[in-house]
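Some notes on the structure that comes next.
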Amino acid sequence: MTEHYGIILVNLGSPAAPTPKALRKYLAQFLSDRRVIELHPLLWRPILHGIILRTRPARSAKAYQKIWSRTASGEFAPEAPLVEITRAQAAKLQDALPGNIYVEPAMRYGQPSIEHALASLEARGCKKIGVLPLYPQYAGATVATVYDELSRVISKRADLPGIRFLRDYHDNPAYISAISNSLRQHLNGLEWQPDHILFSFHGLPVSNIEKGDPYADECRRTYELMCEDLSEIDITKQITFQSRFGPKEWLQPYTLETLKQLAADGKRKVLIITPGFSADSLETLEELSIHAKQEFIDAGGEALSLVPCLNAQDIHIEALAKITKQHLLSGWQKDVDTDDKINVIFHTSAQQQRGFT
């Protein structure tokens with residue numbers, strides 16, 4: 001009998017609807033994660049439940065409503081763009097892999113859940129399952145919390161499946177090529193020439209980095225590799241960080257402040273690419289394409305264009321298929337040349353392995 005294997009594609013997640021009620025439930029789950037907010041619960045819970053969840057859901061709902069798809073009748077679509085895109089990525093990746101491999105989408109927060117994806121694959125007879133968090137760069141607040149949730153889910157099982165978990169792919173050649181080519185394609189389609197290109201990554205508190213989180217180094221490595229790949233493009237380039245939240249100092253330079261300074265310095269036309277986002281979401285579709293663009297124009301800029309995330313583009317699916325075969329299926333699939341026998345393992349993009357049997 002042919003052995004079946006499973007792959008779970010995991011992204012951050014979205015609320016069930018662009019409403020304050022749905023946002024309150026989603027934010028309560030997201031902001032209760034100790035890896036996302038590191039304050040002790042005794043200090044954080046009064047702030048979360050007494051202030052944040054009373055004020056932010058309505059404001060966030062308005063932002064989501066700007067990007068949420070609508071049906072032909074004008075109603076909001078059943079799922080957020082991020083969830084729709086992740087489902088499309090999973091379907092196309094399954095088509096790109098051998099027929100005995102099933103791919104399920106999952107969200108760390110909200111639905112479809114990691115637990116649902118795991119159960120679905122097990123119901124199909126998958127005894128060995130690879131988990132691919134769709135975060136190219138590792139961070140404790142993203143990749144590690146996926147691992148935490150996976151551990152929680154499988155801890156309830158008497159019989160565990162074989163699990164492989166991809167730590168990151170920030171320097172993987174297939175990923176670098178795909179994201180660089182997406183910039184080239186977008187640039188060729190513009191009717192104007194940018195004065196400057198920003199590589200905007202999601203931010204992280206500096207305190208996380210000081211505790212040993214490698215996220216900033218991996219973002220900068222991705223940026224360096226992309227600049228090398230894009231060396232023929234003679235336009236000034238810069239790395240920045242977005243989505244700052246709360247009073248702490250976050251990774252700098254900040255994307256929004258940089259855009260304002262660029263306008264003040266006479267850089268009127270800017271192109272932004274987001275190499276840390278595998279699918280378009282609130283952070284790209286609203287924060288950058290709408291809010292940051294308006295701030296740039298108000299500061300004196302003339303044009304701002306955002307390179308779409310790789311989403312379910314063929315170049316992205318081809319890259320994910322290569323990464324999946326290299327790091328998650330090697331030794332399980334007969335057509336991959338390796339004798340790896342470890343069942344539960346962390347894979348790094350440099351093929352260094354830390355794990356246990």
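Here is how the numbers come out for the structure above:
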item	result
Any hit, segment 70-84, residues being closer than 30 Å to GLY125 by Cβ, touching a Pro at 6+ places or on another chain (Cβ under 6 Å) and not β-branched (Val, Ile, Thr)	no
Candidates GLU84, GLU75, GLU79, filtered to the one that is without any contact (Cβ under 8 Å) to a residue 60 or more places away in the chain, acidic (Asp, Glu) and surrounded by 13 or more Cβ atoms within 10 Å (Cβ to Cβ)	GLU84
Test result for PHE296, in contact (Cβ under 8 Å) with a residue 24 or more places away in the chain, assigned to a loop (DSSP other than H, G, I, E, B) and buried (at least 20 other Cβ atoms within 10 Å of the Cβ)	no
Unmet requirement for SER231, which otherwise passes all of (1) more than 15 Å from the chain's Cα centre (by Cα); (2) among the hydroxyl-bearing types (Ser, Thr, Tyr); (3) part of a helix (DSSP H, G or I)	(3)
Any helices (runs of 4 or more DSSP H) falling wholly within segment 6-99 and containing at least 1 residues that are more than 25 Å from PRO133 (Cα to Cα) and touching a helix residue (DSSP H, G or I) at 6+ places or on another chain (Cβ under 8 Å)	20-30, 53-67
Odd one out for LYS66 among (1) basic (Lys, Arg); (2) surrounded by fewer than 16 Cβ atoms within 10 Å (Cβ to Cβ); (3) farther than 24 Å from LEU31 by Cβ	(3)
Residue in segment 23-34 that is surrounded by 15 or more Cβ atoms within 10 Å (Cβ to Cβ), assigned by TED's automatic domain parsing to the domain that holds ARG157 and of a type in the set (Asp, Glu) present	no
When residues of segment 217-246 are limited to those that are loosely packed, with under 15 Cβ neighbours inside 10 Å and small (Gly, Ala, Ser), the one nearest to LEU256 (Cα to Cα)	GLY246
Tally, over segment 245-283, of residues that are modelled with pLDDT of 95 or more and either part of a helix (DSSP H, G or I) or among the aromatic types (Phe, Trp, Tyr) (or both)	15
Any hit, segment 12-20, residues being of a type outside the set (S, T, N, Q) and under 30 Å from HIS327 (Cβ atoms)	yes
Residue check for SER14: in contact with a Leu (Cβ under 6 Å, 6 or more places away or on another chain) and polar (S, T, N, Q)	yes
Scan of segment 157-216 for residues that are crowded, with 18+ Cβ neighbours inside 10 Å, of a type in the set (S, T, N, Q) and assigned to a loop (DSSP other than H, G, I, E, B), ordered by number	ASN172
Positions within segment 143-199 being in contact with a helix residue (DSSP H, G or I) (Cβ under 7 Å, 6 or more places away or on another chain) and among the basic types (Lys, Arg), in sequence order	ARG167
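The values are calculated or read from the model by the stated rules, or taken from the named source; none is laboratory data. The shown structure was predicted, so the numbers you read here are calculated from the model rather than taken from an experiment. Quick reminder, even Gly has a Cβ in these numbers, built from the backbone with ideal geometry, and neighbours come from all protein chains shown.
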